[in-house]
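Shown next, in structure tokens, is the structure this report addresses.
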Amino acid sequence: MGLFNFFKKKEKNKKEKYKLGLHKTREGALSTIKEILSKSDKIDDNLFDSLEEVFIMADIGVDTVIDFINGLKEEVKNKKIESPLDLQELIMDKMFEMYLNNEIVNANLNLNPDGLSVILFVGVNGVGKTTSIAKIANQYKKEGKKVLLAAGDTFRAGAIEQLSIWAKRVGVDIVTKEAGSDPSSVMFDAIKKAKDEKYDILLCDTAGRLQNKVNLMNELSKMRRVLSTNLDGAPHETLLVIDATTGQNGMSQAKVFKEVTEVSGVILTKLDGTSKGGIVLAIRHELGIPIKYVGLGEGIDDLEVFDIEQYLYGLFAEFFEE
């Protein structure tokens with residue numbers, strides 16, 4: 001197989017993965033869009049109200065939907081669009097523009113080109129944080145990188161054990177301490193080991209309790225300080241893990257973590273398990289944080305680098321069907 005065909009096949013596989021992963025949203029909340037457009041005689045307020053209702057049901061978020069619909073109305077007016085079916089392409093274009101927001105949005109992680117890269121993972125318990133760390137560790141190991149994990153959620157013995165099991169399964173090293181230890185001391189030991197033994201990637205887990213924002217902020221600030229003191233630029237990424245199936249509750253979590261630490265990107269897990277996959281646009285529009293990875297299945301290889309074009313195709317695949 002030639003290189004061109006290899007990449008073409010890879011793109012096709014990714015396209016199918018997004019299409020399959022977003023089928024619940026496409027066949028649930030967004031399933032009526034094509035019908036609404038094809039059955040409408042004209043573009044009027046009734047049509048926009050129907051679209052607004054569908055987008056809110058898809059968890060795009062009320063504020064985001066209102067801004068989106070207003071932008072759509074303006075575009076229709078400026079381009080003198082009269083046929084409701086012509087809105088199909090316009091909806092996708094406007095969502096693409098809304099996600100980018102006049103910026104170059106890079107889903108690839110910001111790695112240190114001169115040595116060790118440190119990635120900090122934050123998020124509440126149960127969102128798939130540990131599994132996401134394992135999947136990213138597996139990806140980097142496959143690329144030939146030397147990977148180290150740091151079990152910084154010392155609040156729960158189960159979290160340490162779970163990450164240790166994943167480390168063994170993936171075949172990477174891990175730094176742990178007993179439950180109840182200071183998580184910053186785990187970060188100190190991990191970054192020392194990573195530097196001394198020439199690791200390429202250090203992936204750091206953290207506790208996910210939200211009951212006390214002040215404690216959470218202090219804990220995360222201390223961990224970041226330990227990392228940055230021992231390596232310039234660390235952490236190079238702070239990734240917030242959100243479970244897509246929690247919908248607007250996930251947005252509330254995101255707002256708290258954005259308040260207490262410097263989040264550089266989002267991992268959206270279980271996107272294949274929800275009919276409300278529009279949360280991607282709400283996160284980007286309301287919080288200004290880019291999506292870095294999306295979970296499109298349970299397998300070790302089912303955490304995909306986020307691709308806005310493939311995401312929109314997955315949401316609106318029926319637009320391309322005759």
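Using C-alpha pairs below 8 Å separated by at least 6 residues, the relative contact order for the chain is 27 percent.
Distance between the C-alpha centres of segment 34-58 and segment 13-33: 19 Å, rounded to the whole angstrom. Here the spin labels are modelled as points 7 Å beyond Cα on the Cα-Cβ line, and at Ser185 and Glu89 they lie 6.4 nm apart.
Each peptide in 149-157, 124-132, 13-21 was scored by the mean count of other Cβ atoms within 10 Å over its residues; highest first, the order is 149-157, 124-132, 13-21. For the peptides 40-48, 186-194, the ranking by packing is 186-194, 40-48, with the highest mean count of neighbouring Cβ atoms within 10 Å listed first. Annotation for segment 126-205 versus segment 248-291: alpha-carbon center distance of 23 Å. Sorting 225-231, 96-102 by average packing, meaning the other beta carbons within 10 Å per residue, from highest down gives 225-231, 96-102. Here the spin labels are modelled as points 7 Å beyond Cα on the Cα-Cβ line, and at Lys193 and Glu178 they lie 1.7 nm apart. With springs connecting C-alpha atoms under 10 Å apart, model the chain as a Gaussian network and identify which of Ile283, Ile104, Ile136 has the largest mean-square fluctuation. Top of the fluctuation ranking is Ile104. Per-residue ellipticity at 222 nm from helix content only, as computed over the chain with -39500 (n - 2.57) for each DSSP H run of at least four residues, stands at -16500 deg cm²/dmol.
Each Cα pair of the chain feeds into the Kirkwood radius, which the Stokes-Einstein equation turns, at 25 °C and 0.890 mPa s, into a diffusion coefficient of 118 µm²/s.
Accessible area per residue for the chain, computed on protein heavy atoms with a 1.4 Å probe, is 47 Å².
Could you compute Rg(Cα) / (2.2 N^0.38 Å) for segment 221-322, with N its residue count?
1.21
Across segment 205-212, rounded Karplus estimates of 3J(HN,Hα) from the backbone phi angles (6.51 cos²θ - 1.76 cosθ + 1.60, θ = phi - 60°) give 7, 9, 6, x, 8, 10, 4, 10 Hz, Gly and Pro being marked x. Computed about the Cα centre, the dipole magnitude for the chain is approximately 1260 debye when only Lys and Arg (+1) and Asp and Glu (-1) carry charge, each at its Cβ. Here the calculated FRET efficiency for Asp45 and Asn110, from their Cβ-Cβ distance with R0 = 35 Å, stands at 0.20, rounded to the nearest 0.05. Computed in the context of the full set of protein chains, the accessible area of the chain at 1.4 Å probe radius has 48% of its extent on carbon or sulfur. Amide H to amide H, with H built 1.01 Å from N, Val175 comes under 5 Å of Leu149, Ala150, Ala151, counting only residues 5 or more places away or on other chains. Applying 1/(1 + (r/R0)^6) with R0 = 35 Å to the Cβ-Cβ distance of Ser164 and Asn102 gives a FRET efficiency near 0.20.
The values are calculated or read from the model by the stated rules, or taken from the named source; none is laboratory data. Keep in mind the model is a prediction, meaning the values are calculated, not measured. With ideal geometry, Cβ positions are generated from the backbone for all residues, glycine too; neighbour counts draw on all protein chains shown. When the accessible area is computed, the model is the full protein with side chains, heavy atoms only, and any ligands, DNA or RNA have been set aside. Shrake-Rupley method; radii C 1.70, N 1.55, O 1.52, S 1.80 Å.
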